[in-house]
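Asker: Before we start, here is the structure in question, set down as structure tokens.
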Amino acid sequence: MAELIQILVSGLAAGSIYALAAVGFTLLWQASQTINFAQGEFVMLPAFFVLIGMTVLGLPMWTSILLALVLSLLILGVAFKRLIVEPMLPHGTLPLVIATIALGLLLKESVKEFYGATAQPFPAIFPQTVYNVAGASVSVQDICNLVVSMLAIGGLQLFLNRTRTGRCMQASAQNPAVAEILGVNVKRMVLYTFLINAALATIASVLISPIYLAKFSNGETLGLVAFIAAIVGGFNQIRGALVGGLLIGVIDNLSAVYISAQYRAAMPLLLLIAIILLRPQGLLGTPEGRTV
Amino acid sequence: MIRRLLSTAALVMALGVAPALAELKIGSIIELSGAGAAAGTNFRDGVKMGFEEINAQGGILKEQVSVLEYDSQTDPQVSRAMVQKAIDDGVYAITGTVFSSSTVVNMLVAKQYGIPQFTGSEAPSITAKGNPYIFRTAFGSQKGVPKMVKYMVDNMGVKKVGVAWANTEFGKGGHQAFVAEMEKAGIPIVIDVPAEQAQADFSADVLKLKNSDADAIFVYFTEEESARFLREARKQGIDKPLIGETTLIGHKVIELAGDAANGAMGHVGLTPDANIPALTEMVERFKTKYNYTPDHNAIKGYTAAWTLKYVTEMVGSPDSKAIAEKLHGLTLKASEYPGVLMDVSWDETGEMSRESFFVKVENGKQVVQAILPPN
């Protein structure tokens, strides 16, 4: 029982961070039909902004995290939308997908070139204390990661459902033409979506880098896991991405302990295949038809 | 105008036909990106520093040495292509690679062309394939592990062990050597946990090891995986001794894992914290030059450069085949050949023997617990 508790806590903590990245996939898809294959690199990059703040500029950790947030909003939010998505979107989804793949490579190689290929230590933002709960060692770091991720996603849901701006964003995502007729500034709403995605990526980066260490190639794994989580949960639902992320985190840990550590990486892929075969819209997603 | 054109043309022609500067070329094929970048960068910097010092002291056979660098990307197939490229570029010896999964592939190319290769790899299979051109810069895990196991049994009183290891060529070599030695010592392995290359999340692995009834855990990963493992072990409050062979207690691991590295123990063939004056001086020069503390890989690279100088000068020419022949059965004493830092020997397979150390990480530093004799 203690073992199961520990697996669940570790799995949920890791899964909640995957969920933050997965929510970014769903947000951008709903707002602008953008599948951002650079999402993993979006999570990798803010950690290096934090390190630059701390080691190059000599700033305290929390100031560096704020700096990373601002830089992410500017680069991964505003610049990404203005310089890549807006010029490419009129040409269709495929060129945009290819552009995001290229962007991912550019970000990865740039970090490697300017910061180095080796992993960098990243400071833990939460205490490393471990508590014994019913025989299981539960770390404060895991609990804090889970709580912060849940608060971020919960806050986003509240923002989207309970505020005027949030409802305008939803309206813009569901039917931009009608939303515009009703006086919604659709372009601004889409920009907000990109900014929220950048902020979520920064939170995910700061939470996961103490575990993964900051490395230019972190986005490869994170991007793939988040993409699978988004599909498994439902690409067009934020709560779907949340469920997908948590599920992947828990299944990964359960399979490593009870099935095979060697084949743990295959389990999320098997889940993905099963979902695509049995419920293509994802666990919580809704079927979506598009004219071709 | 015409005169200026003619003089420019004459200058260009003169430069074109000028004899090339006498220069010996060495190929440094190394992991500068990918999972092996931490180890590879250290090894590369050690090689560079070694040859810069050699050049400053007159070079090899009074010729300057040019080190041509190639990034293997920690990819066996890329490393193979890079070894081929280095040979095509005219190198007479090769240093690298560090990752065993790359070395087992690329050493076949060097063998085909008869080029001596100084590897930082420690998988037992490297010197067991009858390749007369491969030479270690640190002994293989099949030599290091028995020393470590003897220390675990005799000094630590370990009765049951668990193993966590990387499921790669490097990890398999260490794992096999450890399992064989444990069988010989009659000590059961109560849990065996393999992990994938560059694995990021070790929570499940640590949990399985923690819940086992092992007295100690043998941990055999590369630097970055080791650091992630130690951080997770610290997070889960694992209270069993974590013992590694070389990488677990390396300086890069200590830097990456921070406080989580304290308490980790292990056997190292080389340590910058050993109380050996030549080694200490080399480490200080390295720190001044590169602004970071070298690990065992940097020392391997450095000694590879000096070994090549000494052996080339013994042979009297940069004859690749003669150098390889000379290295078999050779012993270099640090008193006569200071660049090797410690007395060292190579056998007929290219395997090496040297004193080594059992260390424990305390306050972020390796503290030597015992000096283990060569075997």
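The values are calculated or read from the model by the stated rules, or taken from the named source; none is laboratory data. Since this is a predicted model, take the numbers as computed values, not measurements. Here Cβ is always computed from backbone atoms with ideal geometry, including for glycine, and neighbour counts include all displayed protein chains.
Asker: Looking at the stretch A:121-160, which of its residues are within 21 Å of A:GLY11 (Cβ to Cβ), among the polar types (S, T, N, Q) and part of a helix (DSSP H, G or I)?
Answerer: Passing the criteria: A:GLN141, A:ASN145, A:SER149.
Asker: Take the conditions farther than 21 Å from B:THR41 by Cα and at pLDDT below 85 and apply them to A:LEU105. Does it pass?
Answerer: Considered against the rule, which asks whether it is farther than 21 Å from B:THR41 by Cα and at pLDDT below 85, A:LEU105 comes out as no.
Asker: Another question, then. Going by the structure shown, is A:LEU284 hydrophobic (A, V, I, L, M, F, W, C) and in a helix (DSSP H, G or I)?
Answerer: The answer is no for A:LEU284.
Asker: Let me ask something else about it. Given B:HIS296, B:HIS328, which one is crowded, with 19+ Cβ neighbours inside 10 Å, of a type outside the set (Gly, Ala, Ser), within 23 Å of B:ASN375 (Cβ to Cβ) and in the same structural domain as B:ILE115 (by TED's automatic domain parsing)?
Answerer: Testing whether each residue is crowded, with 19+ Cβ neighbours inside 10 Å, of a type outside the set (Gly, Ala, Ser), within 23 Å of B:ASN375 (Cβ to Cβ) and in the same structural domain as B:ILE115 (by TED's automatic domain parsing) leaves just B:HIS296.
Asker: Here's something else I'd like to know. Give me the pairs: first residue in the stretch A:119-133 and polar (S, T, N, Q), second residue part of a loop (DSSP other than H, G, I, E, B) and surrounded by 16 or more Cβ atoms within 10 Å (Cβ to Cβ), beta-carbon distance under 9 Å, and six or more apart or on different chains, which are they?
Answerer: A:GLN120/A:LEU213; A:GLN120/A:LYS215; A:ASN132/B:GLY237
Asker: Determine which single condition B:MET82 fails, assuming it passes every other condition in (1) within 14 Å of chain A (Cβ to nearest Cβ); (2) at pLDDT 95 or above.
Answerer: It fails just one condition, (1).
Asker: Same structure again: Among the residues of the stretch A:97-120, write down those that are basic (Lys, Arg) and closer than 22 Å to B:VAL253 by Cβ.
Answerer: A:LYS112
Asker: Can I ask one more? In the stretch B:232-256, which residues are in contact with a Leu (Cβ under 8 Å, 6 or more places away or on another chain) and either within 7 Å of chain A (Cβ to nearest Cβ) or within 23 Å of B:SER356 (Cα to Cα) (or both)?
Answerer: Within the stretch B:232-256, B:GLN236, B:LEU242, B:LEU248, B:VAL253, B:LEU256 meet the criteria.
Asker: Now a separate question. What number of residues within the stretch A:247-264 satisfy the criterion of being in contact with a helix residue (DSSP H, G or I) (Cβ under 8 Å, 6 or more places away or on another chain), within 14 Å of chain B (Cβ to nearest Cβ) and either surrounded by fewer than 18 Cβ atoms within 10 Å (Cβ to Cβ) or part of a helix (DSSP H, G or I) (or both)?
Answerer: Of the residues in the stretch A:247-264, 12 are in contact with a helix residue (DSSP H, G or I) (Cβ under 8 Å, 6 or more places away or on another chain), within 14 Å of chain B (Cβ to nearest Cβ) and either surrounded by fewer than 18 Cβ atoms within 10 Å (Cβ to Cβ) or part of a helix (DSSP H, G or I) (or both).
Asker: Then there is this: Only one residue in A:GLY244, A:GLY240 is away from chain B (no Cβ under 14 Å), in a helix (DSSP H, G or I), over 14 Å from A:ALA14 (Cα atoms) and of a type outside the set (Asp, Glu). Which one? I'd like the intermediate steps shown before the answer.
Answerer: Values: A:GLY244 fails: over 14 Å from A:ALA14 (Cα atoms).
Unique residue meeting the criteria: A:GLY240.
Asker: Looking at the stretch B:208-231, which of the residues that are hydrophobic (A, V, I, L, M, F, W, C) and in a helix (DSSP H, G or I) is nearest to the other protein chains (Cβ to nearest Cβ)?
Answerer: B:ALA227
Asker: Kindly establish whether B:ALA227 is farther than 15 Å from B:VAL163 by Cβ, out of contact with any Gly (no Cβ under 6 Å at 6 or more places or on another chain) and of a type outside the set (Ser, Thr, Tyr).
Answerer: It is true that B:ALA227 is farther than 15 Å from B:VAL163 by Cβ, out of contact with any Gly (no Cβ under 6 Å at 6 or more places or on another chain) and of a type outside the set (Ser, Thr, Tyr).
Asker: Ok, one more. Any idea which of (1) under 20 Å from the mean Cα position of the chain (by Cα); (2) surrounded by fewer than 24 Cβ atoms within 10 Å (Cβ to Cβ); (3) at pLDDT 90 or above; (4) not in a helix (DSSP H, G or I) is the one B:ASP273 doesn't satisfy?
Answerer: Failed condition: (3).
Asker: Looking at B:THR280, is it over 22 Å from B:GLY114 (Cβ atoms), in a loop (DSSP other than H, G, I, E, B) and within 20 Å of the chain's Cα centre (by Cα)?
Answerer: Against the criterion (over 22 Å from B:GLY114 (Cβ atoms), in a loop (DSSP other than H, G, I, E, B) and within 20 Å of the chain's Cα centre (by Cα)), B:THR280 does not qualify.
Asker: Out of B:GLN117, B:GLN142, which single residue is touching a strand residue (DSSP E or B) at 6+ places or on another chain (Cβ under 9 Å), without any contact (Cβ under 8 Å) to a residue 40 or more places away in the chain and away from every other protein chain (no Cβ under 14 Å)?
Answerer: B:GLN117
Asker: Anything in the stretch A:40-73 that is more than 26 Å from A:THR221 (Cβ to Cβ) and of a type outside the set (Gly, Ala, Ser)? List them, or say none.
Answerer: Taking the stretch A:40-73 first, the residues more than 26 Å from A:THR221 (Cβ to Cβ) are A:56-60, A:62-63, A:66, A:70.
If the condition is that a residue be more than 26 Å from A:THR221 (Cβ to Cβ) and of a type outside the set (Gly, Ala, Ser), then A:VAL56, A:LEU57, A:LEU59, A:PRO60, A:TRP62, A:THR63, A:LEU66, A:VAL70 are the ones that fit.
Asker: Looking at the stretch A:136-144, can you tell me whether even one residue there is without any contact (Cβ under 8 Å) to a residue 24 or more places away in the chain, among the β-branched types (Val, Ile, Thr) and under 19 Å from A:ARG188 (Cβ atoms)?
Answerer: Scanning the stretch A:136-144 turns up no residue that is without any contact (Cβ under 8 Å) to a residue 24 or more places away in the chain, among the β-branched types (Val, Ile, Thr) and under 19 Å from A:ARG188 (Cβ atoms).
Asker: I'd like to check something: does the stretch B:229-250 contain any residue that is closer than 24 Å to B:VAL153 by Cβ and among the aromatic types (Phe, Trp, Tyr)?
Answerer: Scanning the stretch B:229-250, I find at least one residue that is closer than 24 Å to B:VAL153 by Cβ and among the aromatic types (Phe, Trp, Tyr), so the answer is yes.
Residues checked against (1) more than 21 Å from A:ALA199 (Cα to Cα); (2) away from chain B (no Cβ under 14 Å):
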{"residue": "A:MET1", "(1), (2)": "yes, no"}
{"residue": "A:ILE5", "(1), (2)": "yes, no"}
{"residue": "A:TYR18", "(1), (2)": "no, no"}
{"residue": "A:TRP29", "(1), (2)": "no, yes"}
{"residue": "A:THR34", "(1), (2)": "no, yes"}
{"residue": "A:ILE52", "(1), (2)": "no, yes"}
{"residue": "A:LEU73", "(1), (2)": "no, yes"}
{"residue": "A:ILE84", "(1), (2)": "no, yes"}
{"residue": "A:LYS108", "(1), (2)": "no, no"}
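Asker: From A:PHE114, A:PHE48, A:PHE42, grab the single residue that is without any contact (Cβ under 8 Å) to a residue 60 or more places away in the chain and assigned to a helix (DSSP H, G or I).
Answerer: Residue meeting the stated conditions: A:PHE114.
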